[in-house]
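The values are calculated or read from the model by the stated rules, or taken from the named source; none is laboratory data. Computed from a predicted model, the values in this text were never measured in an experiment. Using ideal geometry, Cβ is built from the backbone for each residue, glycine included, and neighbour counts are taken over all protein chains shown. Remember, those area values only see protein heavy atoms, side chains included, never the ligands or the DNA or RNA. Shrake-Rupley method; radii C 1.70, N 1.55, O 1.52, S 1.80 Å.
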Amino acid sequence: MTTIVPAGTQGTTAGPSLFLKTRVAIKAFIIYIQSYIIVSSSVGTMAESHDEGIVAVVFSSDEVARKTLRDRMESMIETGLSSTVHALENELLATDPESVLRMTFSTSRNTVTMEECTQIAHSKAIVDLEQELNVQITLLPGKMMRLHEQPGLAVFDMDSTLIQQEVIDELARAVGKYDQVSAITEAAMRGEAPYTDFEASLRARVALLNGVPTSIWDQLKAGTITFTPGGAELVRVLKASGWKTAVLSGGFMPLATWVKSTLGLDYAFANQLVSDDASNTLTGELVPGAPIVHAERKRELLKQLAADNNIPIEHTIAVGDGSNDLLMMHTAGLGIAFNAKPKVQAAAPARLNTASLLSVAFMLGCTGEQIADVLKSAA
């Protein structure tokens, strides 16, 4: 019988054994490479799952609260999603003027929707936890944390959002008609005829401004209107990432254009009042044919501005405090009720109760360090 010895092994007694060992080693190496590829793929899939998981942005949390939140939030989110949830990491985003904590959770689900986050955030378990620990918890799909990385569109209500006053109330107060205007506002909120819609109540209140000097606008700018803290800084942070910004107000253009100019916004839309040039007074009328900026108009403006700037609606945010802001909040990729009345907060996709509008940036994925860098470079 002739033994065939592999080349290079002639003259050695261990030739066949060495050949077999070589083949085993090669097989082992191939298995190792395949295992590495599989593990790497799994890690990538896990990272994607984390990215598509759910994030809790927690405001005003101390160290004790942070330790308590991790375990309890995990079970609450798991119940809300009816899927397996794992707490991944806690990241302290800021400590001044308040603590902001970002908690990331992975899920066994491919995607988590904003609607699901809203439903869980409004659940009794989460609300009770907020009250117990004196914190505010905002739940968002993980993908929201990338919003700040690409251009988008941010639209804001004006009264009690970008500024701290309700303009029509200040107009009425300046001319001694606050009680009358306030009575109409309250009747409208109760849905009483004839003020069952925004336009009817707006026209009724505007009519009470007949004869008001047009100099009232300068008077309000000089000593009455104050800007909400953090608004100007938020606009700078957004614009640094290529965002477009707009004020969409149910108030009036003389102040909306001033707010736009002062904050560096790109667009301003508001209601237009008729003035008498001869007497330099308001006539108590809205400009005929000019669109009324009500809830539906705000929603349409959001969609129009996004389309005009080639911005996907998923990359938009809408911030406001009133019921006439809810339509645009639910249309935007992220709608935020800012220091709103309880009924508006309960109906909004997300809520934010902080002293500063700059806190919105944390809901878009920004860290305190990133915000500080932008503001420092813009100074």
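Rolling a 1.4 angstrom probe over the chain with all protein chains present gives an accessible area of which 54% lies on carbon and sulfur atoms. Our note on the geometry: Cα centres of the range 291-309 and the range 138-202, 15 Å apart. Couplings 3J(HN,Hα) of the range 100-108, computed from phi: 10, 10, 10, 10, 10, 10, 8, 9, 7 Hz, in residue order, whole Hz [Karplus 6.51 cos²θ - 1.76 cosθ + 1.60, θ = phi - 60°; x for Gly and Pro]. Rolling a 1.4 Å probe over the protein heavy atoms leaves residue 54 with an accessible area of roughly 0 Å². The C-alpha atoms of the chain define a longest principal axis, and helix 231-240 lies at about 40 degrees to it. Taken over the C-alpha atoms, the range 67-153 has Rg and Dmax values of 13.3, 38 angstrom. Comparing 294, 245, 220 along the charge dipole axis of the range 158-305, the residue lying farthest to the positive side is 245, per the Cβ-charge model.
Restricting the range 73-143 to GluC sites (Glu not before Pro) that sit in a DSSP loop and have at most 14 other Cβ atoms within 10 Å of their own Cβ leaves 98. A simple charge model with +1 on the Cβ of Lys and Arg, -1 on the Cβ of Asp and Glu and nothing else charged puts the dipole of the range 157-291 at about 380 debye relative to its Cα centre. Measuring only protein heavy atoms, the 1.4 Å probe finds residue 122 accessible over about 70 Å². Per residue, the average separation of C-alpha pairs within less than 8 Å and at least 6 apart gives the range 290-365 a relative contact order of 22 percent. Rounded to the nearest 20 debye, the dipole size of the chain about its Cα centre is 1280 debye, using +1 on the Cβ of Lys and Arg and -1 on the Cβ of Asp and Glu.
Take every pair of alpha-carbon atoms less than 8 Å apart whose residues are at least six positions apart; their mean separation over the length of the chain yields a relative contact order of 16 percent. Note: relative contact order over the range 142-267, using C-alpha pairs below 8 Å and six or more positions apart, is 39 percent. Rg/Rh, computed from the Cα trace of the chain with Rh as the Kirkwood radius, has the value 1.22. Using the 1.4 Å probe convention, the accessible area of the chain works out to 49 Å² per residue with neighbouring protein chains retained. Candidates 123, 160, 64 compared by Cα position along the dipole of the range 61-160: farthest toward the positive end lies 123, with charges placed on Cβ.
For the range 161-231, applying the loop criterion from DSSP together with a ceiling of 12 other beta carbons within 10 Å to the GluC sites (Glu not before Pro) yields 192. Of the residues 211, 263, 144, the one whose Cα sits farthest towards the positive end of the charge dipole of the range 134-282 is 144 (charges of +1 on Lys and Arg Cβ, -1 on Asp and Glu Cβ, taken about the Cα centre). Close amide H contacts of residue 123 (hydrogens built in the peptide plane, cut-off under 5 Å, sequence separation of 5 or more or a different chain): none are found.
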